[in-house]
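Notes to accompany the following structure.
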Amino acid sequence: MGLPELFVAVLLTGVSIVNASIPAAVWSRSRDGRFLLLSGANLTLGALGAAWTWGELPLNPPTWTGVELPVLLLGLLAALFLLAATLWRRHL
C-alpha cells in the first residue's frame, strides 16, 4: 500500500467513468447495443478501480480489495485502450 497505488487506482476509476459517458451518449441516440456494452465495460472497470481505491485507503478495507501496482497498471492500460476505441474516428 502506497501513494503510487492509490494514485493509479483513482486515475483508473476516473478514466473509466469518464470514458463510459461517450458510448452511453451514442447509445442514447442510436440504440446500438455495442455502445451499451462498451459503456458497461467502462463502468465495470470503474467499479473495479473504486474497489482498489478503497483497498488503498487506511479505512480497514476487506482483504479482497488489495492490489499491487503492476495489476493496477494493466487495468489502467485496458481503460486507456477502451478510451482510444471510443475516440478513434471510423473510416467510411
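Charges only on Cβ, +1 for Lys and Arg, -1 for Asp and Glu: so what's the dipole of the chain about the Cα centre, in debye to the nearest 20?
Taking the Cα centre of the chain as origin, the dipole is about 600 debye.
Taking springs between alpha-carbon atoms closer than 10 angstrom, which of Asn60, Asn19, Asn42 fluctuates most in the Gaussian network model of the chain?
Looking only at Asn60, Asn19, Asn42, the largest GNM fluctuation is found for Asn60.
Given a cut-off of 19 Å, what percent of all Cα-Cα pairs of the chain lie beyond it?
Roughly 42 percent, rounded to a whole number.
Report the relative contact order of the chain, percent, no decimals, based on alpha-carbon pairs under 8 angstrom and at least 6 residues apart.
38 percent
Going by C-beta contacts inside 10 Å, put Glu68, Glu56 in order with the fewest on the left.
Going from least to most buried by this count: Glu68, Glu56.
For Trp52, what charge total do you get from the other residues with a beta carbon under 13 Å from its beta carbon, if Lys and Arg give +1 and Asp and Glu give -1?
That sum, taken over residues with Cβ under 13 Å, equals -3.
Report ³J(HN,Hα) in whole Hz for each residue of segment 72-86, in order, from the Karplus equation J = 6.51 cos²θ - 1.76 cosθ + 1.60 where θ = phi - 60°; Gly and Pro get x.
My calculation for segment 72-86 gives 4, 5, 5, x, 5, 5, 4, 5, 5, 5, 5, 5, 5, 5, 7 Hz in order.
Determine the calculated [θ] at 222 nm for the chain from helices alone, applying -39500 (n - 2.57) to every DSSP H run no shorter than 4 residues and normalising by the residue count; nearest 500 deg cm²/dmol.
-27000 deg cm²/dmol
Could you identify which residue out of Leu74, Leu48, Leu11 has the top mean-square fluctuation in a GNM of the chain using Cα springs shorter than 10 Å?
Highest fluctuation among the options: Leu74.
Every number here is computed from the coordinates shown, using simple stated rules; none is lab data. None of these values were measured; they are calculated from a predicted model. FYI the Cβ positions are ideal-geometry reconstructions off the backbone, even for glycines, and counts take in every protein chain you see.
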